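The values are calculated or read from the model by the stated rules, or taken from the named source; none is laboratory data. Quick caveat: nothing in here was measured; it's all calculated off a predicted structure. All Cβ positions, even for glycine, are placed from backbone atoms using ideal geometry, and neighbour counts span all protein chains on display. Note: accessible area is taken over every heavy atom of the protein model, side chains too, but ligands, DNA and RNA are not part of it. Shrake-Rupley method; radii C 1.70, N 1.55, O 1.52, S 1.80 Å.
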Amino acid sequence: MPPLGPIRFLTIHCAATPEGRDVAAETISSWDTAKFGQVSYHYVIELDGSVHATLPDTLKGAHVGGRNTGNLGVCYVGGVDKAGRPKDTRTPAQTMALRALVAAYRARFPDLVVRGHRDWPGVAKACPSFDVAAWLAHAPEERA
Ligand SMILES: [Zn+2]
């Protein structure tokens with residue numbers, strides 16, 4: 001895998017797995033390897049809020065078409081309802097873990113741009129099934 005390059009973006013994804021289905025990070029990675037020939041995301045956050053580093057943050061992922069240079073990919077398990085429709089299914093533990101991960105990278109890279117997959121130009125997907133900018137603008141859940 002080629003190097004990631006200087007970190008400039010962090011893109012949030014969902015796995016598009018049904019609400020409540022406990023899919024392991026390594027399962028997501030194996031699906032991506034079968035589909036794209038490599039692990040797509042740098043981090044996968046499971047339902048219990050555990051954060052799995054699936055790819056070193058020095059290597060390029062495969063998660064936004066043509067836009068993976070300097071772009072970290074973070075995926076939470078879930079993202080659709082039981083009928084397959086887009087839904088923010090993040091558990092409180094996932095939401096807190098995601099916020100902590102974003103905060104850690106923002107601390108290291110103050111100019112980091114954090115957005116959802118769907119916020120990239122030309123992306124016609126609902127991923128990650130929530131409004132990243134609006135969520136980031138809110139006070140942390142743990143203080144709500
Ligand atoms: Zn995505």
Cα gyration tensor shape for segment 9-138, rounded if a/c is under 1.5, else prolate or oblate
rounded
For segment 9-71, taking Cα atoms only, what is the radius of gyration to one decimal and the Dmax to the nearest whole Å?
11.4, 32
Residue of 113, 102, 80 that the Gaussian network model of the chain assigns the largest fluctuation, springs spanning Cα pairs under 10 Å
113
With label points built 7 Å along Cα→Cβ from the Cα atoms of residue 27 and residue 93, find their separation and express it in nm.
1.5 nm
Using Cα pairs closer than 8 Å and at least 6 residues apart in sequence, work out the relative contact order for the chain, in percent.
30 percent
Amide hydrogen neighbours beyond the local backbone of residue 17, cut-off 5 Å, H modeled
78, 79, 80
Enter the Cα centre distance for the pair segment 71-144 and segment 30-58, rounded to the nearest angstrom.
15 Å
Within segment 25-74, trypsin sites (Lys or Arg not before Pro) in DSSP loop having at most 15 other beta-carbon neighbours inside 10 Å
67
Rounded to whole Hz and in sequence order, give me ³J(HN,Hα) for segment 126-136 from the Karplus expression 6.51 cos²θ - 1.76 cosθ + 1.60, θ = phi - 60°, writing x for Gly and Pro.
8, 3, x, 6, 7, 8, 4, 4, 5, 5, 5
Cβ under 9 Å from residue 94's Cβ, residue 94 left aside: what net charge do those residues give with Lys, Arg +1 and Asp, Glu -1?
-1
Across segment 19-27, in residue order, what do the Karplus-derived ³J(HN,Hα) couplings come to in whole Hz, using 6.51 cos²θ - 1.76 cosθ + 1.60 with θ = phi - 60° and x for Gly and Pro?
3, x, 7, 8, 9, 7, 4, 5, 5
Under the Karplus relation 6.51 cos²θ - 1.76 cosθ + 1.60, θ = phi - 60°, what is the ordered set of whole-Hz ³J(HN,Hα) values for segment 65-74, x standing for Gly and Pro?
x, x, 10, 9, 6, x, 10, 7, x, 10
GNM flexibility winner over the chain from 73, 122, 65 (Cα, springs under 10 Å):
122
What residues have an amide H closer than 5 Å to that of residue 59, excluding those fewer than 5 places away on the same chain, when H is modeled at 1.01 Å from N in the peptide plane?
4
Mean residue ellipticity at 222 nm from the helices of the chain, using -39,500 (n - 2.57) per DSSP H segment of n ≥ 4 over the full residue count, to the nearest 500 deg cm²/dmol?
-7500 deg cm²/dmol
Rounded accessible area of residue 115 (nearest 10 Å², 1.4 Å probe)
60 Å²
Considering only 58, 17, 27, give the residue with the highest GNM mean-square fluctuation for the chain, with springs between Cα atoms whenever their separation is below 10 Å.
27
Shape category assigned to segment 75-144 from the gyration tensor of Cα positions, a/c cut at 1.5
oblate
Between residue 137 and residue 111, what is 0.36 nm times their sequence separation minus the Cα-Cα distance? Round to one decimal in nm.
7.8 nm
